[in-house]
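Down below is the structure, laid out as structure tokens.
The values are calculated or read from the model by the stated rules, or taken from the named source; none is laboratory data. As the structure is a computational prediction, the values presented were derived from the model and not from experiment. Please note: Cβ atoms are built from the backbone with ideal geometry, for glycine as well, and neighbour counts cover all protein chains shown. Ligands, DNA and RNA are excluded from the accessible area calculation, which covers all protein heavy atoms including side chains. Shrake-Rupley method; radii C 1.70, N 1.55, O 1.52, S 1.80 Å.
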Amino acid sequence: MYDEEFFKKIFPFWDKLSDNDKNMFERYSSAVSYDRGTMIHSTKAECTGAIIVKTGCIRAYMMSDEGREITLYRLYPGDICMLSASCVLKSITFDVFIDAVEKSECLVINGKTLSDISQRNMFVKNFALETAVSRFSDVMWVMQQILFMSLDKRLAIFLCSESEKNQSDTVRLTHEQIAKYMGSAREAVSRMLKYLSRENIVESSRAGVRITDRARLEKLAFDQLKD
């Protein structure tokens, strides 16, 4: 299903591998289909391995003892998740959960295989580290919002980002989903959406949240970033 051209496109280090290691990658990679809501990786999994998203969307998040979730980032087709490969990145000591936001087709590179190859090939090791580090900027951005920004600003930023990503004025997410992605309480998000609705900035319905005054919403988000 996945030939050498596919791996060459995904991994910049492919030409630096021995024929044996290339065969190992191909042999110990599995095509997996995840239904929406499926838990892909949790603290119970020692080393799931690297996850390459082919279709759909997956989410990496942390969870408090009380069950509150903080979404670290979401990954889309072409993205690679390395936080699920703790056997390769020994410095990752915090608990990370990964689930499927929607039905997703993924390629999972066996963790032990990836770890073994990275130990004898610096290009593989560097790729794993660089991929993980690139995601930590997303994590720090999330933490910055949670720690230093008010909820109205965070919600404005989220709605603008989702709208731009989907190229639509309507963000087709429930209040619960928005709260989960923002790391906030659903009740708080619902109250803030009601406020924005009263201000005629958005309209909230079962179909999602429609932006009715983009200029004011972007001003609310931009002013926070400028500060």
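Is it true that Leu196 is assigned to a loop (DSSP other than H, G, I, E, B) and either farther than 25 Å from Met82 by Cα or among the polar types (S, T, N, Q) (or both)?
Values: assigned to a loop (DSSP other than H, G, I, E, B): no; either farther than 25 Å from Met82 by Cα or among the polar types (S, T, N, Q) (or both): yes.
No; evaluated as a whole, the condition is false for this residue.
Check Ala215, Ala221 and return the single one that is without any contact (Cβ under 8 Å) to a residue 24 or more places away in the chain and either over 23 Å from the mean Cα position of the chain (by Cα) or closer than 12 Å to Ile157 by Cα (or both).
Working: Ala221 fails: without any contact (Cβ under 8 Å) to a residue 24 or more places away in the chain.
It is Ala215.
Residue-wise test of (1) closer than 29 Å to Glu66 by Cα; (2) among the charged types (D, E, K, R); (3) surrounded by 14 or more Cβ atoms within 10 Å (Cβ to Cβ).
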site	(1), (2), (3)
Leu159	yes, no, yes
Arg172	yes, yes, no
Ile201	no, no, yes
Thr212	no, no, yes
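Name the residue that is nearest to Asn126 (Cα to Cα), counting only residues in region 1-22 that are open to solvent by less than 90 Å² (accessible area, probe 1.4 Å) and at pLDDT 90 or above.
Phe13
Name the pairs: first residue in region 115-126 and more than 17 Å from Leu83 (Cα to Cα), second residue open to solvent by 60 Å² or more (accessible area, probe 1.4 Å) and not aliphatic (A, V, I, L, M), Cβ to Cβ under 9 Å, at least 6 apart or on different chains?
Listed pairs, sorted by first residue: Asn121/Lys16; Met122/Lys16; Phe123/Pro12; Phe123/Lys16.
Do any strands (runs of 3 or more DSSP E) lying entirely in region 31-84 carry at least 1 residues that are open to solvent by less than 40 Å² (accessible area, probe 1.4 Å), modelled with pLDDT of 85 or more and touching a helix residue (DSSP H, G or I) at 6+ places or on another chain (Cβ under 6 Å), and which ones are they? Before the answer, list the steps.
Details: elements: 39-41, 49-55, 58-63, 69-75.
Those strands (runs of 3 or more DSSP E) span 49-55, 69-75.
Go through region 125-157 and count every residue that is under 17 Å from the mean Cα position of the chain (by Cα) and open to solvent by less than 30 Å² (accessible area, probe 1.4 Å).
7
If we scan region 119-141, do we find a residue that is of a type in the set (Val, Ile, Thr), outside any loop (DSSP other than H, G, I, E, B) and modelled with pLDDT of 90 or more? Outline the logic, then answer.
Just the residues of region 119-141 that are of a type in the set (Val, Ile, Thr), to begin with: 124, 131, 133, 139.
From what is left, the residues that are outside any loop (DSSP other than H, G, I, E, B) are 124, 131, 133, 139.
Checking which are modelled with pLDDT of 90 or more leaves us with 124.
Yes: region 119-141 contains one or more residues that are of a type in the set (Val, Ile, Thr), outside any loop (DSSP other than H, G, I, E, B) and modelled with pLDDT of 90 or more.
Going through region 102-118 one residue at a time, which ones are part of a helix (DSSP H, G or I) and open to solvent by 20 Å² or more (accessible area, probe 1.4 Å)?
Of region 102-118, the ones part of a helix (DSSP H, G or I) are 111-118.
Selection gives Lys112, Asp116.
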